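The values are calculated or read from the model by the stated rules, or taken from the named source; none is laboratory data. Since the structure is predicted, the reported quantities are computational estimates derived from the model, not experimental observations. Neighbour counts are summed over all protein chains in view; Cβ atoms, including those assigned to glycine, are modelled from backbone coordinates with ideal geometry. For accessibility, only protein heavy atoms count, side chains too; no ligands or nucleic acids. Shrake-Rupley method; radii C 1.70, N 1.55, O 1.52, S 1.80 Å.
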Amino acid sequence: MNSSTPRYSRIAGTGSYLPPRRVTNDDLAAQLAQRGLETSDAWIVERTGIRARHFAEPEVAASDLALHASLAALQSAGCTAADIDLIIVATSTPDMVFPSTATILQNKLGVHGCPAFDVQAVCSGFVYALTVADSMIRTGAARKALVVGSEVFSRILDFNDRTTCVLFGDGAGAVVLEASNEPGLVASELHADGRHLDILCTPGHVSGGAILGDPLLKMDGPAVFKLAVGVLEDVARSVLAKAGREASDIDFLIPHQANIRIMQSTARKLKLSADKVIVTVDEHGNTSAASIPLALDSAVRSGRIRRGDTLMLEGVGGGFTWGAVLLDF
Ligand code: UT7
């Protein structure tokens, strides 16, 4: 490490964006009833904590949501797109098969030349992307990165499957991560176990000009639930141990926003009180890779999270993938 190589990366600014169309549980229940499917606000709230989600209009792509979130993050960091030397977008609902949503975002930002690529780790995508950006900054490969989670999950929902279509929403969140000699990201850890790839997947793929296989999201909810509660506790403890910190040092836990019961279970296991958990699943639903940066930005903008707070970010999802990042904000 030479003298100009930074010891840390730190979040310089945050931003997020939700498409304007807010769909309540009652709206969805009415829509499903037309298909002969029964659901209710009461069931969805009790089992998941979700009350509403936002859906993008058909012509709006992940890069469009990412652009709004990125501009807000750049403004909050006090810089412009021209200052960015790395763009990473975490998404499972990219604009195209290729090129990456990151290069499309780069073009929409009006900048050219810096590396830009997508990370595909489903709901763990943002934690993966943040860890990759942190590593690149600490090796000197980048100094100011734009790290985005952006999803239009409404595109891959099966509205004939009430067990999944009520759970997800669209949105984007972004951070500017910059080189720093002060923490910053303190520790992180990523995992994957491909043995469980079937419990949460969108198996269809393009071949010979046609889609082969089912292009809509499939999930064995209870199986995902069971794995999620186990790995989220383990990875949080492991990251704390790496950092030489205790769970009591965490000011706010920002878990992937999939289900309030999973979040509460993780908090209980770490002996964190409910007021230390950032919850946006009620208003956003599960926005996959966007959920953590969306929750982070909303808590920063509401003044709940302040500079100096210690945050634990935790992702879990398809793959099966999971990971956590501990940082001093
Ligand atoms: O983002 C990646 C990570 N994803 C997650 O973390 C999701 C993890 N899983 C979950 O959050 C939960 O498993 C779900 C919310 C998906 C489901 O909750 P659950 O408490 O595990 O319910 P269940 O799947 O065991 O279903 C219970 C009952 C079933 O009826 P029977 O068989 O008991 O008669 C379902 O058919 O609820 C029924 N059900 C519904 N009822 C009304 C399933 N979906 C609905 C619905 N409305 N939308």
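Quick notes on this structure:
- A simple packing score, the average count of other Cβ atoms within 10 Å per residue, orders the peptides 200-208, 185-193 as 185-193, 200-208, with the highest score first.
- Note: relative contact order over the chain, using C-alpha pairs below 8 Å and six or more positions apart, is 26 percent.
- Relative contact order (%) - the stretch 8-180, alpha-carbon pairs under 8 angstrom, separation at least six: 35
- Relative contact order of the stretch 185-328, pairs being alpha-carbon contacts under 8 Å that are 6 or more residues apart, as %: 36
- 0 to 90° range, to nearest 10: angle between helix 291-301 axis and the chain longest Cα axis: 60
- Remark: the chain carries a charge dipole of roughly 600 debye about the Cα centre, counting +1 on each Lys and Arg Cβ and -1 on each Asp and Glu Cβ.
- Most positive-pole-ward Cα, Val186, His68, Cys201, against dipole of the chain from beta carbon charges: Val186
- Computed from Cα atoms, the angle from the helix 221-243 axis to the main principal axis of the chain rounds to 10 degrees.
- Mean shadow area of the chain over all directions, Cα convex hull, nm²: 16.6
- For the chain, the per residue solvent-accessible surface stands at 41 Å², with DNA, RNA and ligands left out and a 1.4 Å probe.
- Environment charge at Asp83 (Cβ cut-off 12 Å; Lys +1, Arg +1, Asp -1, Glu -1): 0
- With Cα atoms, 0 to 90° folded angle of helix 260-269 axis to the chain main axis: 50
- Expressed as a fraction of 2.2 N^0.38 Å, the C-alpha radius of gyration for the stretch 8-180 is 1.13.
- Accessible carbon and sulfur surface of the chain relative to its total accessible area, %, 1.4 Å: 52
- Part-to-part distance (alpha-carbon centres) for the stretch 255-329 and the stretch 120-163, which is given in Å: 14
- The heavy atoms of Glu46 offer some 130 square angstrom of accessible surface to a 1.4 angstrom probe.
- Relative protection proxy for 29-42, 137-150, 52-65, from highest mean packing down: 137-150, 52-65, 29-42 (other beta-carbon atoms within 10 angstrom).
- Packing around the peptides 309-322, 288-301, taken as the average count of other Cβ atoms within 10 Å per residue, puts them in this order, highest first: 288-301, 309-322.
- Label zone at Thr139, where the point sits 7 Å out along the Cα-to-Cβ direction: the stretch 182-215 residues whose backbone N lies under 20 Å: 185-192
- Angstrom value of the Kirkwood radius, inverse mean 1/r, which spans all Cα pairs in the stretch 57-144: 13.3
- Modelled FRET efficiency - R0 35 Å, Ser4 with Phe98, Cβ distances, 0.05 increments: 0.50
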